Each structure stands twice: as C-alpha cells, then as structure tokens.
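The values are calculated or read from the model by the stated rules, or taken from the named source; none is laboratory data. Computed from a prediction, not measured in an experiment: that's the story for all the values here. Note that each Cβ is placed from the backbone with ideal geometry, even for glycine, and that neighbours are counted across all protein chains shown. Note: accessible area is taken over every heavy atom of the protein model, side chains too, but ligands, DNA and RNA are not part of it. Shrake-Rupley method; radii C 1.70, N 1.55, O 1.52, S 1.80 Å.
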Amino acid sequence: MTKTVTQAVEELVRATVHLSDEDMGREWKWREYDEEGLRFALLMTHHELRDLAVQLDARRKSAPTQAARILAQYHQTYRDLTGVLAGVRGEDLDRAPAEGQWPLRETLRHMLGAEHGFLAVNRWALVNHRAGKHDEPPDDQWPEFRKPYAAPKDAVDGTIENIRNSFFEIHRRVLGELADVTDAELEQPAWFWDGPMPIRFRMHRFEEHLRQHTIQLDKTLAVIRPPTEAHRLVRNIYNALADVETATDPAEDLRTTVSNIISERAAAV
C-alpha cells in the first residue's frame, strides 16, 4: 500500500523529534552533502515538501474560492500547532510555567473549546441564511443547535496523543463543514457574543485564535521544555506539509515520489 505524504512525514517525525542536539551532528549524507550531519535529513525534507507544493500549485486547474483560501490559512496554523505538540511529552501537560499561569493542558482546553464554538457559530449562521432567515436567530434555539458542536468532556484528558487526536478531529470537521461557503455567504452576518460580524470575520477567527494561543504554548514550553534543534526542524516540516495537503489536484506521480523518499529516509534514520 502506497503511503501518503502525510503518513511519510509522520514516520520521519516519530523517528527524529526527540533526538538531542548532539544527535543532529551524527553522520548523514545526501549526494555531495556530507558536512551538515543528520539535521540535513530534516532540512532536505522541508526542501522537498516546499518544491512539491510549488509543483502541485502549477497543476491547479482552477482558482480556489475565498473560503478555501481562508481554510488553507487556517490549516497552515493547525500544522504549526501540530509541530509544537510533536515535541510535547505527557509529563509536560500539567506543569505550570509559573504560579498562577496555565499549564499546557489548560491552554489546549481553551483552544479546543474555541474551535468547537467557532464552528457552531458559523454553521448556525449558514443554516439560517440558507433557509432564507437573515435576521438574528432566536436565542432560545441556540442551546439545542449548539449541542452537537460541544467539545467532548474528555477531549484534553489523559495523554498528549489523545489531545492531538482531539485537535485533528475538530480540525477535519471544520474543513469539511465549511468547505462549501460561497463568496456571497462570506459577507452574511454571523451572531456571537460580540454581535453580528460577517462570516468572513468568523472564519478568519479560527486561524487568529490558534495563532494567539500557540504563542502562549511556545512561552510555556520555553520555560518547562525548551525546543531542541530537532523539534524546530520538525515544526518547519509540518508548516511545509500544510501547502501540500491543501493542494486539490491529485498528482499522484509527484506525491508518491516524495512520499517514498521521506519514508525511506525515516527508516534509515
């Protein structure tokens, strides 16, 4: 079975993210490049993903909608968060960086709750507009509508793997449920605690809120577990992967070639 590029990247991340700075200097050679050490395996992976994204974009048959562009920006942010969480260990989750400050788990709980809430707000607006109801929906209907969009109570309990999976699930749901938003619908109002704002604004909030609190995670980790060189390189790789994942044309010839290279590299490391 052929691996996807994403699966190959995950293999490489698992093989390298917890390596030490000393490990990055281990001997590793790619063609004529033999002086950078093992870090060059990760640098080349980033290079290959960036080039794959360029080639995939060149095969695009039509321009994406504005909503698709917004969701692609949001996906880039999600992948940056994935890179941050790749180096987090279970024992890190409940260590507060200072007295009175949130540990990682509480920040992640807040972030995940917002993801679910933002999706509900956008879907609530779209459902009403598509039904021809353009005035503010009755408040008493919101609690019932909101229920299927609530974050699971155990979404950030337990292991870091459980938390990563929780973010993956809501992220996949956001991309799926908002993919068909039209340019015209972006200008329709969506109601939340701050009153009516265009759906365009609400959709951009997914990215901005994630970025805001990813910085908070960075600040916490800088105190409790500063990122290694491997972690920083892995984060770059996830950011490069985002553009590959949001490219819509199949181009399996291009994808398979890069997937095989990265998967073989992971096995060699």
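Results, tabulated for the structure shown:
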{"read-out": "Solvent exposure of the chain as accessible area per residue, Å², 1.4 Å probe", "value": "52"}
{"read-out": "Top positive-direction residue, dipole computed over the range 97-253 with Cβ charges, set 196, 142, 233", "value": "233"}
{"read-out": "Cleavage-rule hits (trypsin sites (Lys or Arg not before Pro)) in the range 173-259: DSSP loop, at most 10 neighbouring Cβ within 10 angstrom", "value": "none"}
{"read-out": "All lysines inside 29 Å of residue 133 as judged from Cα atoms, apart from same-chain residues fewer than 8 positions distant", "value": "147"}
{"read-out": "Inter-site label distance for residue 172 and residue 252 at 7 Å from Cα along Cβ, in nm", "value": "2.1"}
{"read-out": "Mean Cβ count within 10 Å, highest first, over the residues of peptides 25-38, 84-97", "value": "84-97, 25-38"}
{"read-out": "Sites residue 92 and residue 6, calculated FRET efficiency, Cβ-Cβ separation with R0 30 Å, nearest 0.05", "value": "0.75"}
{"read-out": "Square roots of five times the Cα gyration tensor eigenvalues for the range 78-132, Å", "value": "33, 14, 7"}
{"read-out": "Farthest toward positive dipole pole in the chain [+1 Lys/Arg, -1 Asp/Glu at C-beta], among 93, 82, 176", "value": "176"}
{"read-out": "Cα-projected label distance for residue 32 with residue 61, points at 7 Å along beta-carbon direction, nm", "value": "4.1"}
{"read-out": "Candidate lysines - alpha carbon under 26 Å from residue 3, same-chain residues fewer than 8 apart omitted", "value": "29, 61"}
{"read-out": "Carbon/sulfur fraction of accessible area - the chain, other protein chains in place, 1.4 Å, %", "value": "52"}
{"read-out": "Geometric extent, Cα atoms of the chain - Rg, Dmax (angstrom)", "value": "20.5, 68"}
{"read-out": "Ellipticity estimate at 222 nm from DSSP helix runs (n ≥ 4, -39,500 (n - 2.57)) divided over the chain, nearest 500", "value": "-20500 deg cm²/dmol"}
{"read-out": "Check: the chain dipole with +1 on Lys, Arg Cβ and -1 on Asp, Glu Cβ, in debye", "value": "300"}
{"read-out": "Of 166, 263, 216, farthest towards positive along the dipole that unit charges on Lys, Arg, Asp, Glu beta carbons give the chain", "value": "166"}
{"read-out": "Positive minus negative residues near residue 259 (Lys, Arg vs Asp, Glu; Cβ under 12 Å)", "value": "-3"}
{"read-out": "Whole-angstrom Cα spans of the range 26-111 along principal axes, big to small", "value": "49, 46, 16"}
{"read-out": "At R0 = 45 Å, FRET efficiency that the Cβ-Cβ distance of residue 18 and residue 135 yields, to 0.05", "value": "0.25"}
{"read-out": "Cubic angstrom per residue, convex hull over Cα atoms of the range 18-61", "value": "67"}
{"read-out": "Contour minus Cα-Cα distance for residue 165 and residue 43 (0.36 nm per residue)", "value": "41.3 nm"}
